[in-house]
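The next block holds one structure in the form of structure tokens; read it before the comments.
Please treat every number below as a calculation from the coordinates, not as lab data. Everything quoted here is computed from the prediction, not taken from an experiment. Neighbour counts are summed over all protein chains in view; Cβ atoms, including those assigned to glycine, are modelled from backbone coordinates with ideal geometry.
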Ligand SMILES: NC(=O)c1ccc[n+]([C@@H]2O[C@H](COP(=O)([O-])OP(=O)(O)OC[C@H]3O[C@@H](n4cnc5c(N)ncnc54)[C@H](OP(=O)(O)O)[C@@H]3O)[C@@H](O)[C@H]2O)c1
């Protein structure tokens, strides 16, 4: 297969470039093609003529999106439309990476793929609109919703906690938002399997198990043998521009239907820590 990845310079994109072997992969960052510009997207798609396009590129700063919703729409919605149109005209399949933030977080059981989209911030709105428009343009597109990503080479929650733990005796972490931490290398491997299986429709793709941010932090400190004290706190103590869903656990049923399973998020911490120390020493 020939595969074209938009967003190859991002945290997930780097993992895709690392784990995707055995196929011909072309990875692009924003300097190669700005997805807001249809001509730039079309030129790259025409040049590569891929079997699959993976759209991982996005404006991912959730608070930034809230403060600049026009930019969120331009990159996350219109950019996705541009890529979907180029895929349609070249006959390429499309895998679009989406988010748990398309939901409002009011569920008390894991979200299924057919639960209604009800975003509560501009980032979620821009991705939810992208999903709807992609399905109109390419009804067979595959939409992979994931959550709470972390991995080497990216600004992510475990990296922040490890840096804070090295600098402070105690750290306050919110304990009233629940979701599924997902290791980028595991998500990338699952995405490769989905493309090879010719997946279509919405698929929820996270490491298994769920936790709060504070529970996640506790496990990170334990895995790194650090002794900083955690002080559980609540979302209302951390005023931020964008609302966050309280509960965004994604059901693994749609992923299981493709015969793909992902290990528990706890099992990913030691490979993550090893990879983090390798990349900081190189
Ligand atoms: N991070 C999370 O917790 C999370 C959770 C759920 C879903 N997701 C989704 O997962 C995907 C990957 O996220 P990530 O955390 O890996 O993202 P990231 O590290 O912020 O990387 C963003 C990528 O998008 C590219 N990009 C941004 N604006 C662009 C533009 N106008 N044109 C072309 N490329 C552009 C960047 O390119 P340059 O670096 O070259 O500028 C970079 O490669 C995104 O679709 C995101 O919505 C993320």
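Can you tell me the 0 to 90 degree angle between the C-alpha axis of helix 269-281 and the longest principal axis of the chain, rounded to 10?
80 degrees
Given the DSSP H assignment, sum -39500 (n - 2.57) over each helix run of at least 4 residues in the chain and divide by its residue total; what's the result at 222 nm in deg cm²/dmol, nearest 500? Before the final figure, lay out each step's value.
Numbers: 11 runs with 110 residues, N = 282.
Estimated from H runs of four or more residues: -11500 deg cm²/dmol.
Relative to the first principal axis of the alpha-carbon coordinates of the chain, what is the inclination of helix 122-137, with its axis defined by its Cα atoms, in degrees from 0 to 90 and to the nearest 10?
Taking Cα atoms only, the helix is inclined about 30 degrees.
Roughly what % antiparallel, to the nearest 5, for the DSSP beta bridges in the chain?
Of those bridges, close to 5 percent are antiparallel.
Percent relative contact order of the chain, based on C-alpha pairs within less than 8 angstrom and at least six residues apart?
Dividing the mean separation by the residue count of the chain yields 21 percent.
Using only the Cα atoms of segment 108-147, build the gyration tensor, take square roots of its eigenvalues as a ≥ b ≥ c, and label the shape rounded, prolate or oblate: rounded if a/c is under 1.5, else prolate if a/b is larger than b/c, else oblate.
On the way: a/c = 2.11, a/b = 1.31, b/c = 1.61.
It comes out oblate by the Cα gyration axes.
Where does each of 248-255, 196-203 land if you order them by average Cβ count within 10 Å, highest first?
On the way: 248-255: 21.0, 196-203: 17.4.
For the peptides 248-255, 196-203, the packing ranking is 248-255, 196-203.
Could you tell me which of rounded, prolate or oblate describes segment 161-282, using a ≥ b ≥ c as the square roots of the eigenvalues of the alpha-carbon gyration tensor, with rounded for a/c under 1.5 and, failing that, prolate when a/b is larger than b/c and oblate otherwise?
Oblate, because a/c is 1.5 or more while a/b does not exceed b/c.
Please state the shape class of segment 1-72: rounded when a/c is under 1.5, otherwise prolate if a/b exceeds b/c and oblate if not, all from the C-alpha gyration tensor.
Oblate, since a/c reaches 1.5 and b/c is not below a/b.
Can you tell me how much longer the chain between residue 234 and residue 90 gets when fully stretched, taken as 0.36 nm per residue apart minus their C-alpha distance, in nm with one decimal? Numbers along the way, then the final one.
Details: separation 144, 0.36 × 144 = 51.84 nm, distance 4.84 nm.
Gain on stretching residue 234 to residue 90: 47.0 nm.
Taking R0 as 25 Å, what's the FRET efficiency between residue 222 and residue 106 from their Cβ-Cβ distance, rounded to 0.05?
Plugging the Cβ-Cβ distance into 1/(1 + (r/R0)^6) gives 0.20.
What is the angle, in °, between the Cα long axis of helix 184-196 and the longest principal axis of the Cα atoms in the chain? Nearest 10 is fine, range 0 to 90.
It is inclined by approximately 30 degrees.
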